[in-house]
Amino acid sequence: MKKSLIALAVLAASGAAMAQSSVTLYGVADMVLHKDKNVSAKLTSGGVSTSRWGIKGEEDLGGGLKAGFLFEQGIKLDNGAAGPGFDRQTYLSLSGGFGEVKFGKIWTAYDDIGGATDAAFNANVLGPVALIFQSQYEYTANPNNGIYYATPSFGGFSGAVSTNLREGVANSRVSAFHVKYEGGPLFVALGYQDDEPNNEKYTRIGASYDLGVAKLLGTYGRAKNADVNEWSIGADVPVASNLVVSVGYARSKQDGMKAEQGWSLAAAYALSKRTTAYAGYFDANAAAVNGRAGAPDSRFGVGLKHTF
């Protein structure tokens with residue numbers, strides 16, 4: 001009996017040692033100095049990407065199955081504020097040949113494709129889509145109590161669906177999906193989100209094509225209940241191996257209202273694999289400044305982004 005128990009204990013210990021697991025600390029530190037027309041210069045955290053830190057881990061369960069977790073918190077570098085809590089993402093996951101399932105506070109399937117085909121590097125502070133599109137800045141990005149499933153890739157095609165449990169909170173359901181194709185120089189994606197908290201239904205279509213000398217970008221968005229249609233065009237031009245210039249224009253039109261428009265010119269210079277310096281200019285029409293977007297009349301910014 002003792003020998004059997006010892007043998008089982010050794011076998012269990014051996015199995016635990018064989019299982020590959022890892023825990024990683026990661027993050028983004030991004031700060032921009034920008035000057036808007038008739039406004040004093042300002043330091044803003046997250047000029048291109050939201051500053052954040054997080055911890056993620058994964059364990060190999062064998063047979064191609066893996067368990068994982070992620071905790072992620074936003075940070076404002078300009079004043080040191082963080083959170084509240086892990087406000088960006090917190091989830092457990094299970095992945096394998098079937099794809100990946102996540103449970104917790106998760107970016108929606110619609111959010112997954114947002115920004116993929118936007119000019120000016122989809123910059124929070126300088127990008128035309130980020131500053132003009134209603135379907136970009138008003139949707140619920142990461143609802144609580146989420147359930148998310150992503151398929152594996154089939155010849156470049158993949159997709160994802162997400163929803164969440166209300167858990168006693170009325171009008172809090174956020175359900176979304178996306179389908180996309182990534183093959184060679186072509187990327188095409190369609191996303192949809194039924195957003196109860198905003199009483200809105202969002203649609204997004206994005207496409208890009210890499211010609212080598214330039215990557216062409218295009219995005220279409222719609223907010224159904226607000227009767228808003230919007231679109232953008234742009235191009236990323238690699239001037240050198242570590243320098244990319246991006247130009248883009250975005251337009252958003254609500255039925256019965258004047259069109260809100262803006263354009264951007266931006267450049268990103270890679271100082272290393274992890275650190276990028278960037279600069280850009282954004283300009284909007286009066287309708288965007290005074291309308292829903294509340295965009296800056298004009299803005300110039302320079303920033304630095306570091307990932308770890």
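Calculate, axis by axis, the spread of Cα positions in the stretch 175-240 along the three principal axes, and write the results as whole Å, longest axis first.
Per principal axis, max minus min of the Cα coordinates gives 45, 21, 15 Å.
Provide the descending list of Cα extents for the stretch 157-308 along its principal axes, expressed in whole angstroms.
52, 40, 30
Please name which of 64, 158, 175 has its Cα lying farthest along the dipole of the stretch 56-210 towards the positive end, using unit charges on Cβ (Lys, Arg +1; Asp, Glu -1) and the Cα centre as origin.
Of the listed residues, the answer is 175.
Would you mind working out the magnitude of the charge dipole of the stretch 37-307 relative to its Cα centre, with +1 at each Lys and Arg C-beta and -1 at each Asp and Glu C-beta, to the nearest 20 Debye?
On the way: 25 positive and 25 negative charges, 85 e Å.
Once rounded to the nearest 20, the dipole reads 400 debye.
Hey, what number do you get for the chain at 222 nm if only DSSP H runs of n ≥ 4 count, each worth -39500 (n - 2.57), divided across all residues, to the nearest 500?
Helices in the chain give a 222 nm mean residue ellipticity of -3000 deg cm²/dmol.
Using +1 on the beta carbon of Lys and Arg, -1 on that of Asp and Glu, and nothing else charged, what's the dipole of the stretch 248-308 about the Cα centre, debye to 20?
The dipole of the stretch 248-308 has a size of about 280 debye.
What's the Kirkwood radius of the stretch 37-307 in Å, using all Cα pairs?
19.8
Using only the alpha-carbon atoms, how far is helix 2-18 inclined from the longest principal axis of the chain? Give it as 0 to 90 degrees, nearest 10.
Relative to the chain, helix 2-18 is tipped by roughly 20 degrees.
What are the ³J(HN,Hα) couplings of the stretch 99-113, residue after residue, when phi is run through the Karplus curve with 6.51, -1.76, 1.60 and θ = phi - 60°? Round to Hz, x for glycine and proline.
Using θ = phi - 60°, the values come out as x, 9, 10, 10, 9, x, 9, 9, 4, 6, 5, 5, 4, 3, 9 Hz.
Go through the stretch 115-128 residue by residue and turn each phi into a ³J(HN,Hα) via Karplus (6.51, -1.76, 1.60, θ = phi - 60°); whole Hz please, and just put x for glycine and proline.
My calculation for the stretch 115-128 gives x, 5, 10, 9, 6, 6, 6, 6, 5, 4, 9, 10, x, x Hz in order.
How large is Rg over Rh for the stretch 107-190, taking Rg from the Cα atoms and Rh as the Kirkwood inverse mean of 1/r across Cα pairs?
Looking at the stretch 107-190, the ratio lands at 1.02.
Give me 219, 140 sorted ascending by neighbouring Cβ count inside 10 Å, so fewest comes first.
Lowest to highest Cβ neighbour count: 140, 219.
State the answer as a single residue: which of 275, 23, 108 lies farthest towards the positive end of the charge dipole of the chain, with beta carbon charges of +1 for Lys and Arg and -1 for Asp and Glu, about the Cα centre.
Value computed over the given set: 23.
Bear in mind these aren't lab numbers, they're just calculated from the coordinates by the rules spelled out. On a predicted model such as this, the values are computed, not experimentally measured, just so you know. Note that we place each Cβ from the backbone using ideal geometry, even for glycine, and neighbour counts take in every protein chain shown.
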